[in-house]
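Inspection log for the structure reproduced underneath, given as structure tokens.
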Amino acid sequence: MKNSAGYILVLIFVLSSTSIAWAKEKDSILIESLFNDLLKGNKDSVEVYTETARLEKKLDVFKRLNWLIYNEAKYYLFSGKPEKAAQLAKNAICVLHVIDSKKSLIKFYTLLGSSYSFRQDYQNGIFYFKKSLELAEQAGMELQVAYLHNNIANVFFSLLDFEAAHQHAEAAITILEYRKEDPNYASILAILSVSKAKIGDFELAEKLALEARSIAGEQSNYMALIIAIHALGEIDMNRANYEEAYAYYYQSLALAERFQLSHFVLLNSIGLLNASIESRLFTEAVVHGERALEIASQVKNNSTLYSINRHLARAYEGVGNYEKAFNLSKEAHQIYLETNKKETQEAINDLLIQYDTEKKEKEITAARLKLLASDIQTSRLLNLLMFIGFLLLIGGIGFLIYRTRTRERIYRMKAKNRKELFNALIRGEERERKRMGNELHDGLASHLIGIKYRLETDAHLPSDFKQDIVQKINIAHSETRRIAHNLAPTGLEEYGLLIAIEQFAKDNSRPGLVIDYAHVGNPNVLLNKNTELILFRIVQELVQNALKHAKANSIFIQTSFDGKMFTLQVENDGVGFNPANTSNGNGLKSVANRLKFLNASFSIDSSEKSSGAVAYISLPLSN
């Protein structure tokens, strides 16, 4: 069967991308036609790329991106190569950020979101669709905003997150309310009807589903028809009209099978499983449940697998197969335990990071108190010298010159002492981090590998037991290595700041947290090692603040360099806050003080009424 989620999103992408009006010139039309012919098989790749190479010489940067790169990326997406499409889109976006063309960025962000969603990387898909949505709203492109809400609703629909799907589908319908002839209207209305049913608004859900079914039938929009009929089944299921619900599910299933949309086959198979159980048709429930389990196992959605296993166990119990019912119940319980264990492990990691951060903050505070005491002592000495000089009436011009030079020398000495103390603190902190990282990597990680080897080579242990324990050891080993690398990033010394930040973003991304990184401009950033170290630790601090305080799900790190100024930007989509409120902890104060030492500027754009925050850092090249 086809990847139905990817099929839906590619279809929606075709419709939504056409909503941006472009003045098509002759070469633009020719390039689009060439890639369409390549997709249909009317031309071979050698012929197409020879012709596009000839046309490329006549195009400026803007036209090359919007005509050539965009159509090539679309070709890769529609021909089932979303990775290549995503890479072309990312390259184009880096250039377009410099050119600052919002319409073009909307196109490429939409393409990027479709590429990730086609690969079932839904978190990144949603992230880039929302980036495109934000730009479309700023540009006042109302129809494009509706299509992007529709894209996001489809992603959440694929994830069975009907609450979020409802929010975005309703936003899209509000815009398209007076454009019912729009080809997307019936599909959005159908998704809205399912989500309304899932959140308990059954009367409105039925009204929307009937309207969607009517429009879909007139337009021959089979996907909308499948969703609308499924919604009617959900409504009757809730009203305990199990026979009517069964009939609607079966009708929707037949259409989904006809058009090979496996996602809707899954939804309707689950519906038929539940309707059969409630009607005590346990033999039919087993058939539908096994089919749903087969499809859901490919998608690997734990919440769906848990529900199917639990209900299928009830069906097998109904036909008297108690052993199968027990095994399915056991599997459902195991999925539940694994899901909770993952959430617990993430909480433990957050506590470890919090402990490490607070420990370092206390050490830095103690060092600052020591420096303050030194400053007070020096200040008292200066006051004494000034008092003596006043009593002696300073004796003449020579003594005035002497006193001035003495004060300057002391000032330089204080500045030098502060700088040396700051550097000593940084070096001490890094030595401690490296020591802890090495102990984790060479000690605990090595012991874990040793335990794993002993288990794998022990012939007396059951294979199922060994496989389960080895899997848990692998997870613990990977987590230990990740923490060790965060404490002592070897890439920073070997490859520099930009590579270290990119590796940090990759290593710390995980399900529920997307960390992206991009660099704009000249990649040859000339910074000394100490400055690179300070900036890298600041990136870590800002990311941890976003996780700890803002509860962010996605973080975007961007660096840029124009030859004179190096800038660093860290953006998150979490809870907003008032930067002027000093109760936000010592983390941001520590960042500000470190940047003050580098003579770098630091600001945060956020508020309590908005979501997300953006931290801006600017460092002149001379520093």
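Quick look at the values:
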item: Computed log₁₀ I(q)/I(0) - Debye formula, equal Cα scatterers, no solvent, the stretch 20-140, q 0.20, 0.21, 0.23 Å⁻¹; result: -1.15, -1.23, -1.37
item: Burial ranking of peptide ranges 152-162, 327-337 (average Cβ count within 10 Å, highest at the top); result: 152-162, 327-337
item: Largest-first principal axis extents, alpha carbons of the stretch 494-620, Å; result: 38, 33, 21
item: FRET efficiency for T404 and S618, using Cβ-Cβ distance with R0 set to 30 Å, rounded to 0.05; result: 0.30
item: Amide H within-cut-off set for F566, under 5 Å, with H built and near neighbours excluded; result: L619, L621
item: Estimated vicinal HN-Hα couplings, Hz - the stretch 597-606 in sequence order (Karplus 6.51, -1.76, 1.60; Gly, Pro = x); result: 4, 7, 6, 9, 8, 9, 8, 10, 9, 6
item: Restraint check, K81/K324; K74/K551; K57/K131; K130/K196; K40/K506, Cα-Cα greater than 30 Å; result: K81/K324; K74/K551; K57/K131; K40/K506
item: Net length gained if the chain between I499 and L204 were fully extended (0.36 nm per residue, minus Cα distance); result: 100.9 nm
item: K58 paired with L337, simple spin-label distance in nm, labels 7 Å along Cα-to-beta-carbon; result: 6.9
item: Per-pair calculated FRET efficiency, R0 = 25 Å: K506 and I475 via Cβ, rounded to 0.05; result: 0.90
item: Cα gyration tensor shape for the stretch 106-181, rounded if a/c is under 1.5, else prolate or oblate; result: oblate
item: Burial ranking of peptide ranges 29-38, 531-540, 596-605, 262-271 (average Cβ count within 10 Å, highest at the top); result: 262-271, 531-540, 29-38, 596-605
item: Alpha carbon convex hull of the stretch 146-291, volume per residue in cubic angstrom; result: 93
item: Length added when fully stretched, S297-L382, from 0.36 nm per residue minus Cα-Cα; result: 22.9 nm
item: K90-E181 pseudo-label distance in nm [points 7 Å out on the Cα-to-Cβ vector]; result: 4.2
item: Relative contact order of the stretch 499-623, pairs being alpha-carbon contacts under 8 Å that are 6 or more residues apart, as %; result: 24
item: Amide H contacts of G612 (H built 1.01 Å from N, under 5 Å, at least 5 apart or other chain); result: G574, V575, G576
item: Among 285-297, 233-245, the order from most to least packed when residues are scored by Cβ within 10 Å on average; result: 285-297, 233-245
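Taken together, the values in this text are just the output of simple stated rules run on the coordinates, not laboratory data. Remember, it's a predicted structure, so these values are computed and weren't measured experimentally. Don't worry about glycine lacking a Cβ; one is built from the backbone with ideal geometry, like all the others, and counts go over all protein chains shown.
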